[in-house]
Amino acid sequence: MNLDQLPRFPDQVDPNRVRLILDQLGCSYRQLDYVHITGTNGKGSTAAMVAASAQASGKKVGLFTSPHLWKYNERIRVNGVDIPDTVLQQYLNRLEPLLPTGTCLFEVMTIVALCYFCDQQVDVAVLEVGLGGRLDPTNIIPHSIALITNVGLDHK
């Protein structure tokens, strides 16, 4: 799967699509504890600080952010270490046959992140909202903690 060729936005915004694929993969994402971060600005910084604080307290921490600076792997980290290239490719290979046409990059990366965090048995997963709104793919998680950074005029 070539991530660069995936659409930036989904053809239909439906978090149930992500939920269905995770269930088909047998991903037990509902079992994790989460910190879910939304807002207009400061999500990435807040997510990084929350993840660093949790890790400093001895927790094994998954961190999912977007966009990436250099490569897709940066979006998915466990204790500050990017998901390895080979592992990312293994998840993409498993996922590709399950994807409906029009699935966007953020949906794919959300699915990979949640599966990876489950497989890595993280104590807490810190997720940054990506597409925004009530239909964001990350909204399928059961919230342990939800944080809202500042919200700009375009969201009021």
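General observations
- Put a dot 7 Å past the Cα of GLU96, heading toward its Cβ, do the same for GLN12, and the two dots end up 2.5 nm apart.
- Cβ-defined net charge surrounding PHE64, 9 Å radius [Lys, Arg +1; Asp, Glu -1]: +1
- Where HIS68, HIS143 fall by accessible area, highest first, once all protein chains stay in place (1.4 Å): HIS143, HIS68
- Normalised contact order of region 1-110, rounded percent, pairs of Cα under 8 Å and 6 or more residues apart: 38
- Unit charges on C-beta of K, R, D, E only; dipole of the chain, Debye: 280
- Per residue, the convex hull volume that the Cα atoms of region 1-78 enclose (Å³): 139
- Rg(Cα) / (2.2 N^0.38 Å) computed for region 70-145, rounded to two decimals: 1.09
- Kirkwood hydrodynamic radius over Cα pairs of region 44-112, then Stokes diffusion coefficient at 37 °C and 0.692 mPa s, in µm²/s: 251
- Spatially proximal aspartates and glutamates relative to LYS43 (Cα-Cα < 14 Å; intrachain offsets below 8 disregarded): GLU128
- Derived scalar couplings ³J(HN,Hα) [region 7-12; Karplus, 6.51 cos²θ - 1.76 cosθ + 1.60; whole Hz; x for Gly, Pro]: x, 6, 10, x, 5, 9
The values are calculated or read from the model by the stated rules, or taken from the named source; none is laboratory data. Bear in mind that the values here come from a model prediction, so they are computed numbers and not experimental data. A quick note on method: Cβ atoms are made from the backbone with ideal geometry, for glycine too, and the neighbour counts reach across all protein chains shown. Protein only, heavy atoms only, side chains kept; ligands, DNA and RNA dropped before computing areas. Shrake-Rupley method; radii C 1.70, N 1.55, O 1.52, S 1.80 Å.
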